[in-house]
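Peer 1: Dumping the structure here so I can ask a few things about it.
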Amino acid sequence: MTTYVGSRVPRVDSVDKVTGHAIYGVDVALPGMLHGAVVRSPYPHARIVAIDTSAAEKAPGVKAVVTGKDFPHLFGAAIKDQPFLAIDRVRYVGDPVVAVAATSEREAQYARDLVRVEYEQLPAITDMRLALADDAPLVHPDMHTYERGGHEIIPHTNCNTLYRYQRGDVEAAFAEADLVVEGEYSAHAVSHVALEVHVAVAQYDQFSGDYTLWVTTDRPFFLRDDLAGGLGVDGSKVRLKVAQVGGSFGAKGVPIAEAIAAVLARNTDGRPVKVELTREECLIASQLRVPAIMKLKTGVNKDGFMIARSADVLWDSGAYTAYTVGVAIRGSQTIVGPYRIPNLRILSRQVYTNKAITGSYRGYGTTQVTWACESQMDEIARELGIDPVEFRLQNGYEEGDSYLNGQIMHGVGLRETIETARDEIGWGSVDRAPAPHLRRGKGIATMIKPTMTPSSSNVVINLGEDARVQVVCAAPEIGSGQDTVLAQMAADAVGVPLDDVSVPATDTALTPYNGPVASSRTTYHMGNAIVSAGNEIKGKILELAGKTFGVDPDYLEMRDGEIFDGEGELLVTLKNLLARYHGEGLSLTAGGRYTSAQSQLLKANPGEEWISSIFWMLCTQAAEIEVDTETGVIRVIKVAASADVGKAINPLTCEQQIEGGVVMGLSNGILEDFKISNGRIENGTLADYKVATIQDMPEIVPILVESVHNEAPFGAKGIGEPAAAATPPAIANALFDAVGIRITDLPITPEKVLAALSEKKEAEPGD
Amino acid sequence: MTIHLESTINGRSVGINVDPTLTLLEVLRENLFLIGTKEGCGVGECGTCVVLLDGTPVTSCLVLAGDADGRDVETVEGLAPDGELNEVQQAFVKSGAFQCGFCTPAMVLSATALLRRNSSPNEEEMKQALGGILCRCGAYPKILEAIIAATGEGA
Ligand code: FES
Ligand code: FES
């Protein structure tokens, strides 16, 4: 029985956020704080010939000027390929070259403009399709010498990731298939546009050599290690204190402002330095979604069963790999979709280009491959003359099916997500002509995503003598309602009122190790750790109550701060029990740890266990749209978004994630469009790079499917990422339904719609 | 060089000498420590810096501090003066009309200004009033729900 889990309690950060009291990274200010500014490369690819900082150093208020030579270390998640400041060459427009700290932001910017950098331009590679050509200029000629993990690369080329997967005999199955559908799909670079810019404050202690940073991040321990790598120090020398995060969506995991602040702080005699990027810097020189070009070929038999699929995926990491290697590997596996296909072949290659860095973006590759997979699913269904919903149901994973690596899948509510989305949108009925130039249509798309596996979460729960509970863990609130959900689980696990539970801010020197707040993993992993620590604390309290009242603790129960005897009668409140020990003071602490590494659920074909996922995210969306055939403008009318959450710890926060995901998916899919020429982003402003406003919002109906997962805390899985992935293909499929055109390259802009409409008209003049 | 400002800020008269090149946003955040007002772009494109100037929402990053002289400025800090959330704030809490919360001060202020001006706006009017404020978390559906609830229609 739970008191808080499963209920729609208001978020614990409500008052702080509606009153403006929450302290974000941008709000952090320390005594004596300096401000930083960055000189960035104006060229996509160039050799640094000389840097003259003399005028900048003499400028008013300047306390430090730092260049790449001062920190000749490389960092990176899978390939250590990136310095904090360019060392001898710049690799994209916006690559940081020199950092300046001064007593005010204006002085720092003034001095920055006095720095003279002499460049020798180099041939640039700015189109991923050309990056593997024999004569392509190399972005990292020394790639083969970089320290890296176990993945494959193609040395002396731009290919920084090579991954292949094969099962069965794809060619034989294509030959046997009744229908083979082939297509090429592309997903573009989009920006996270977290409304809080990249920001950090850093301070250096000359005596201990320790760096302390006040940051806004979703992955404190990963960020700490990247920072240590770039600074050339041990991880123990870097401490991160995490403020409220004004949105991340995967953006705030690699050192960006943090790197600049830290290198400056090393040179200011202990004065803290704040670095706050401008919005333009965030758009052109922070991190984007990895663009992908996906060739997909699928064979089906006439009964509508998929028998073979081959995929050839090309990813563009931009100038440095950051978190993209995992995207290129895990993402490409997901191009199979949530479907049983016996014969498979995947080739995934990722290339460097002289463009902005890319990386993790809500879905970690899933949004790109879902676009290809779900667009093609629709094409196949239509060619076969099968209803797209039925086609998905017929091929979709069910509980107990085996995944690519033979893992037996558990907690698979796919069918119910498809059926509920279908019913909510009113599948099969469409008002096709509200006006002669307006046409309506409906489309459906689904998705699957694994979570980072294996990974672990640790927590320390403390019950103080005031009966208040602190959930000490490194899981920053990035906006997803995480604090609330963790507090709810802790309140029930310990048996105390939710109001008495707090989740203190993350501090890597105090909070135990946690994997990232990414991959929708926190509720599941940290939840399990909390349940274990919370139960231990509860056990200790019941023991104390038993001893105090001379009863057997096994018959006692604690709920909501009250302890009940075997008859269900109130024995004592927790507060009164603790008051009896007030003189000596009492503080109970328990640690909880969860790692998925040992789980039996991960069993798979020998050697392929790493492909397993401890749980699966599944989300189906059905969209109704209206397209204006004169302007090409799409209006999304309604989206029914059904997600399998395992168990909703808090239906309110689950709905928030789904609604927010749909808004982001819509925005990515039909509005956001970088104009990039020769590697240079030409529209690095929010006036020119359009992001959805409340006026673009369709009616969104979130639907929560609960396919309880046995190893999950209260049955709960994750929900942060899935909702953003299915929206663009659902819209594209609805567009086909409305007017019979198919856009395969994102975004779906009015220009593309008009071009496709006129092409269609020419092809069938009688229509 | 500085100029002298005499404004009413959250109901209190404030006199202050400031650099005339500063924006109202900078003065609020850096001189008066009213950090509830956020900066998302600094160039008038995101709406997170909205404050009420004589009751009307303005993007404070585009207003020079001098232009606030003699006028009435309201920031999010002024909405719950005695620790009592106003109706819009209460509705935001109840509906869960925020996620990261970075746009929330601007959203709450704009919605409050709208409802003062028009106690029963329709949905189009609500969307129009908030159309200039980005919420990347996509809290829009619940923001709309909250404003409807705050009009008393949502009950
Ligand atoms: S900060 Fe003023 S509009 Fe963005
Ligand atoms: S709640 Fe995050 S930007 Fe609106």
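Peer 1: A 28 angstrom limit on the alpha carbon distance is what I want to check against. Which of A:LYS761/B:LYS127; A:LYS647/B:LYS94; A:LYS17/A:LYS252; A:LYS295/A:LYS647; A:LYS717/B:LYS38; A:LYS69/A:LYS252 exceed it? Please report the intermediate quantities before stating the final value.
Peer 2: Details: A:LYS761/B:LYS127 36 Å; A:LYS647/B:LYS94 22 Å; A:LYS17/A:LYS252 20 Å; A:LYS295/A:LYS647 36 Å; A:LYS717/B:LYS38 33 Å; A:LYS69/A:LYS252 26 Å.
From the list (A:LYS761/B:LYS127; A:LYS647/B:LYS94; A:LYS17/A:LYS252; A:LYS295/A:LYS647; A:LYS717/B:LYS38; A:LYS69/A:LYS252), the Cα-Cα distance tops 28 Å for A:LYS761/B:LYS127; A:LYS295/A:LYS647; A:LYS717/B:LYS38.
Peer 1: Oh, and also: Using R₀ = 45 Å, calculate the FRET efficiency as 1/(1 + (r/R₀)^6) where r is the Cβ-Cβ separation of A:ASP113 and A:GLU630; round to 0.05.
Peer 2: After rounding, the FRET efficiency stands at 0.40.
Peer 1: Of B:LEU22, B:GLY11, B:VAL43, which is farthest on the positive side of the dipole of the stretch B:3-79, counting Cα position, with +1 on Lys and Arg Cβ, -1 on Asp and Glu Cβ, and the Cα centre as origin?
Peer 2: B:GLY11
Peer 1: Return the percentage of antiparallel bridges among DSSP beta bridges fully within the protein assembly as shown, rounded to the nearest 5 %. Numbers along the way, then the final one.
Peer 2: Numbers: 121 of 153 bridges.
Roughly 80 percent of the DSSP beta bridges within the protein assembly as shown come out antiparallel.
Peer 1: Can you give the mean number of other chain Cβ atoms that lie within 10 Å of the Cβ atoms in peptide A:695-705?
Peer 2: Values: counts 7, 3, 7, 2, 1, 4, 1, 1, 0, 0, 0.
Per residue, the number of nearby Cβ atoms from other chains is 2 on average.
Peer 1: Which of the GluC sites (Glu not before Pro) found in the stretch B:68-119 are loop residues per DSSP with 16 or fewer other Cβ atoms within 10 Å of their Cβ?
Peer 2: On the way: sites: B:GLU74, B:GLU77, B:GLU84, B:GLU87; in loops: B:GLU84.
When the GluC sites (Glu not before Pro) of the stretch B:68-119 are filtered for loop state and at most 16 Cβ neighbours within 10 Å, B:GLU84 remain.
Peer 1: Arranged by the count of other C-beta atoms within 10 angstrom, fewest first, what order do A:HIS140, A:HIS582 take? Don't jump to the answer; show the numbers that get you there.
Peer 2: Values: A:HIS140 21, A:HIS582 10.
With the sparsest Cβ surroundings first, the list reads A:HIS582, A:HIS140.
Peer 1: Sort A:CYS282, B:CYS61 so the one with the fewest other Cβ atoms within 10 Å of its own Cβ comes first. Show your work: numbers first, answer last.
Peer 2: Working: A:CYS282 26, B:CYS61 23.
Ascending Cβ contact count within 10 Å gives the list B:CYS61, A:CYS282.
Peer 1: Spin-label point model (7 Å from Cα, Cβ direction): what's the B:SER120 to B:THR21 distance in nm?
Peer 2: Modelled inter-label distance: 5.2 nm.
Peer 1: With unit charges on the beta carbon (Lys/Arg positive, Asp/Glu negative), name the residue among A:GLY396, A:ALA124, A:THR508 whose Cα is farthest towards the positive pole of the charge dipole of chain A.
Peer 2: The residue sitting farthest along the positive end of the dipole is A:ALA124.
Peer 1: Another question, if that's okay. Give the residues of the stretch A:616-632 whose amide nitrogen is closer than 19 Å to a point set 7 Å from the Cα of A:LYS690 in the direction of its Cβ.
Peer 2: The answer is A:624-632, whose backbone nitrogens lie closer than 19 Å to the label point.
Peer 1: If you add up the charges near A:HIS198, with Lys and Arg at +1 and Asp and Glu at -1, over every other residue whose beta carbon is less than 9 angstrom from its beta carbon, what do you get? Don't skip to the end; give the middle numbers.
Peer 2: On the way: positive: A:LYS252; negative: A:GLU196, A:GLU258, A:GLU276, A:GLU281.
Computed value for this residue: -3.
Peer 1: Just want the answer: with Cβ charges of +1 for Lys and Arg and -1 for Asp and Glu, which residue in A:LEU671, A:GLY539, A:GLY718 is farthest toward the dipole's positive end in chain A?
Peer 2: Working it through, the farthest residue towards the positive pole turns out to be A:LEU671.
Peer 1: Here's something else I'd like to know. What does the charge dipole of chain A about its Cα centre add up to, to the nearest 20 debye, if the Cβ of each Lys and Arg holds +1 and the Cβ of each Asp and Glu holds -1? If you can, show how the numbers build up before the last one.
Peer 2: Details: 69 positive and 99 negative charges, 291 e Å.
About 1400 debye.
Peer 1: Something else now. Rounded, prolate or oblate: pick one for the stretch A:1-58, where a ≥ b ≥ c are the square roots of the eigenvalues of its C-alpha gyration tensor, a/c under 1.5 means rounded, and failing that, prolate if a/b is larger than b/c, else oblate. Each step should come with its number before you reach the end.
Peer 2: Working: a/c = 5.43, a/b = 2.47, b/c = 2.20.
Note, shape of the stretch A:1-58 comes out prolate.
Peer 1: What list of ³J(HN,Hα) values in whole Hz, one per residue of the stretch A:268-281 in order, does the Karplus curve 6.51 cos²θ - 1.76 cosθ + 1.60 (θ = phi - 60°) give from phi, with Gly and Pro shown as x?
Peer 2: 10, 6, x, 6, x, 10, 9, 10, 10, 6, 6, 4, 4, 4
Peer 1: With +1 on the Cβ of every Lys and Arg and -1 on the Cβ of every Asp and Glu, and nothing else charged, how large is the dipole of the stretch A:314-441 about its Cα centre, in debye rounded to the nearest 20?
Peer 2: Values: 13 positive and 15 negative charges, 125 e Å.
The calculation lands at about 600 debye.
Peer 1: Once a ≥ b ≥ c are taken as the square roots of the eigenvalues of the Cα gyration tensor of chain A, is the result rounded (a/c under 1.5), prolate (a/b larger than b/c) or oblate (a/b not larger than b/c)?
Peer 2: Working: a/c = 1.74, a/b = 1.08, b/c = 1.61.
Oblate, because a/c is 1.5 or more while a/b does not exceed b/c.
Peer 1: Something else now. Please label the shape of the stretch A:165-309 as rounded, prolate or oblate, based on the square roots a ≥ b ≥ c of the eigenvalues of the alpha-carbon gyration tensor (a/c under 1.5 means rounded; beyond that, a/b larger than b/c means prolate, else oblate).
Peer 2: prolate
Peer 1: Here's a follow-up. For labels at A:ARG106 and B:THR8 in the simple 7 Å Cα→Cβ model, what's the distance in nm?
Peer 2: Simple spin-label model gives 3.0 nm for this pair.
Peer 1: Show which lysines lie in cross-link reach of A:LYS63 when reach means a straight Cα distance below 24 angstrom and same-chain residues fewer than eight apart are skipped.
Peer 2: By straight Cα distance, A:LYS63 reaches A:LYS237, A:LYS274.
Peer 1: Moving to a separate point now. Multiply the residue gap between A:PHE549 and A:GLU759 by 0.36 nm, knock off their C-alpha separation, and tell me the result in nm, one decimal place. Don't jump to the answer; show the numbers that get you there.
Peer 2: Numbers: separation 210, 0.36 × 210 = 75.60 nm, distance 8.38 nm.
Length difference between fully extended and current span is 67.2 nm.
Peer 1: Next question, about the same structure. For A:ALA55, put the label point 7 Å out on the Cα→Cβ axis and report which residues of the stretch A:109-153 keep their amide N under 14 Å from it.
Peer 2: A:110-118
Peer 1: What length, rounded to one decimal in nm, is gained on full extension from A:SER502 through to A:GLU682, with 0.36 nm per residue of separation minus their alpha-carbon distance?
Peer 2: Contour length minus Cα-Cα distance gives 60.3 nm.
No lab work stands behind these numbers, since they all come straight from the coordinates. Given the structure is predicted, the values throughout are model-derived calculations rather than measurements. Heads up, the Cβs are rebuilt from the backbone with ideal geometry, glycines too, and the neighbour counts pull from every protein chain shown.
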